1. For the chain, with all protein chains present and a 1.4 Å probe, just round the carbon and sulfur fraction of the accessible area to a whole percent.
2. Which value in nm describes the separation of the simple spin-label points at R119 and V88, placed 7 Å from the Cα toward the beta carbon?
3. Let me have the 222 nm mean residue ellipticity of the chain computed from DSSP H runs of 4+ only, each contributing -39500 (n - 2.57), with the sum over all residues rounded to the nearest 500.
4. Would you mind working out the magnitude of the charge dipole of the chain relative to its Cα centre, with +1 at each Lys and Arg C-beta and -1 at each Asp and Glu C-beta, to the nearest 20 Debye?
5. Among rounded, prolate and oblate, which fits the stretch 53-152 when a ≥ b ≥ c are the square roots of the eigenvalues of its C-alpha gyration tensor, a/c under 1.5 means rounded, and a/b larger than b/c means prolate?
6. Provide the packing ranking of 143-150, 90-97, i.e. peptides ordered by the mean count of other C-beta atoms within 10 Å per residue, highest first.
7. Please calculate how many Å² of accessible area the stretch 1-145 carries per residue, with a 1.4 Å probe and no DNA, RNA or ligand atoms counted.
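The values are calculated or read from the model by the stated rules, or taken from the named source; none is laboratory data. This structure is a prediction, so every number in the text was calculated from the model and none was measured. Virtual Cβ from ideal backbone geometry, glycine too; neighbours counted across all protein chains shown. SASA here: full protein model, heavy atoms, side chains in, ligands and nucleic acids out. Shrake-Rupley method; radii C 1.70, N 1.55, O 1.52, S 1.80 Å.
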Amino acid sequence: MRISARADYAVCAAVLLAAAPGGGPLKAEAMAEAQDIPHKFLEGILGDMRRGGLVRSQRGGNGGYWLARPAESISVADVIRAVDGPLVSVRGVRPPELSYTGPAEPLQPLWVALRAGVRQILEGVTIAAIAADRLPEGVSALTEDPAAWTNP
């Protein structure tokens, strides 16, 4: 599974907004500079997040972006879906819509299980938890295995 640059930058931006003093607003340019994100790319991402109901924006000298709802109610999955669509797809198709025949039949339940696992983690971590450096215990436990940090 790959996390796109769009998704990574979107989660970073959401965390910056959650950590902003007084809840923001923050200028896109400042966020882009703080996280070394191309400014125009971030503007497009923030537009997707605005259309997805995750951020609000205001133009002008006192304008910028801020979260549209409390960071505790925004999951990492919400952010990824807003900028990239479904969390897990196979060849652009959601796993339950796939079908295989013969010896490949067990692939569909495998992909469904993968999607369930990804959803369990990404829906269980809020932007507020990341901003406060308080990942859920189950997620933190997964990172304690040294093999989690290496590629086979």
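1. C and S atoms contribute 53 percent here.
2. 0.9 nm
3. On the way: 7 runs with 74 residues, N = 152.
Counting only the DSSP helices, I get -14500 deg cm²/dmol.
4. Details: 15 positive and 16 negative charges, 125 e Å.
The calculated dipole for the chain is roughly 600 debye.
5. Working: a/c = 3.06, a/b = 1.57, b/c = 1.95.
Oblate.
6. Values: 143-150: 8.1, 90-97: 11.6.
Answer by packing, highest mean first, reads 90-97, 143-150.
7. On the way: 8520 Å² over 145 residues.
Computed with neighbouring chains in place, this is 59 Å² per residue.
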